[in-house]
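The values are calculated or read from the model by the stated rules, or taken from the named source; none is laboratory data. Note that the structure is a prediction, hence the values are computed from the model and not measured. When we count neighbours, we look across all protein chains shown, and the Cβ atoms used for this are built from the backbone with ideal geometry, even at glycine.
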Amino acid sequence: MPTPTPFATTWKRPTSHRKITNISWLLDVVSDRTVLTDVGPYITGGSTCWSADIVVATKDGRAFKRAKIVVDASTGYPAIVYRRDLSAYGWPLDPQIRQDLINSGGQGIPRSNNSSRNNGSGMGVR
């Protein structure tokens with residue numbers, strides 16, 4: 001059995017589970033109501049499975065690794081059920097980020113207040 005990741009060893013099951021079943025947000029993003037009728041039975045208001053595209057780079061920007069993972073928490077304990085190395089597909093972020101790392105002379109890029117743990121919107125994700 002593989003050693004659990006730090007995420008899996010520190011994760012705690014929420015004390016209260018609130019089942020979210022409302023998908024009314026789709027009315028704001030889908031203009032064709034017939035589409036909603038067709039796909040409605042296949043959409044839920046919540047999930048216990050998530051995916052992440054992860055990028056790690058050296059401080060000098062000369063090397064990086066990229067991986068996609070899928071985490072399944074349907075059993076109550078999150079587990080990585082899929083991992084694929086995507087490094088061969090290249091740098092997925094704004095090229096300026098990598099150039100800034102290269103130009104930093106190995107010092108890295110100073111962390112700004114809005115660049116910590118987000119959905120990538122502040123990181124130049126394409």
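Considering only segment 105-124, I want to know if a residue exists there that is modelled with pLDDT of 80 or more, loosely packed, with under 14 Cβ neighbours inside 10 Å and hydrophobic (A, V, I, L, M, F, W, C). Among the residues of segment 105-124, not one is modelled with pLDDT of 80 or more, loosely packed, with under 14 Cβ neighbours inside 10 Å and hydrophobic (A, V, I, L, M, F, W, C), which makes the answer no. Scanning segment 55-76 for residues that are in contact with a Leu (Cβ under 8 Å, 6 or more places away or on another chain), at pLDDT below 95 and small (Gly, Ala, Ser) yields Ala57, Gly61.
Of everything in segment 23-50 that's within 25 Å of the chain's Cα centre (by Cα) and surrounded by fewer than 10 Cβ atoms within 10 Å (Cβ to Cβ), which residue is nearest to Ser104 (Cα to Cα)? So the residue we want is Val29.
Of Ala52, Ala79, all but one fail to be touching a Lys or Arg at 6+ places or on another chain (Cβ under 9 Å) and modelled with pLDDT of 90 or more; the exception is Ala52. The residue that is modelled with the highest pLDDT, among those in segment 34-49 that are under 22 Å from Ile80 (Cβ atoms) and out of contact with any strand residue (DSSP E or B) (no Cβ under 7 Å at 6 or more places or on another chain), is Ser47. The residues of segment 69-80 that are surrounded by 13 or more Cβ atoms within 10 Å (Cβ to Cβ) and of a type in the set (Val, Ile, Thr), listed by number, are Ile69, Val70, Val71, Ile80. For segment 51-90, filtering for residues that are within 27 Å of Gly106 (Cα to Cα), without any contact (Cβ under 8 Å) to a residue 40 or more places away in the chain and either of a type in the set (Val, Ile, Thr) or assigned to a loop (DSSP other than H, G, I, E, B) (or both) leaves 6.
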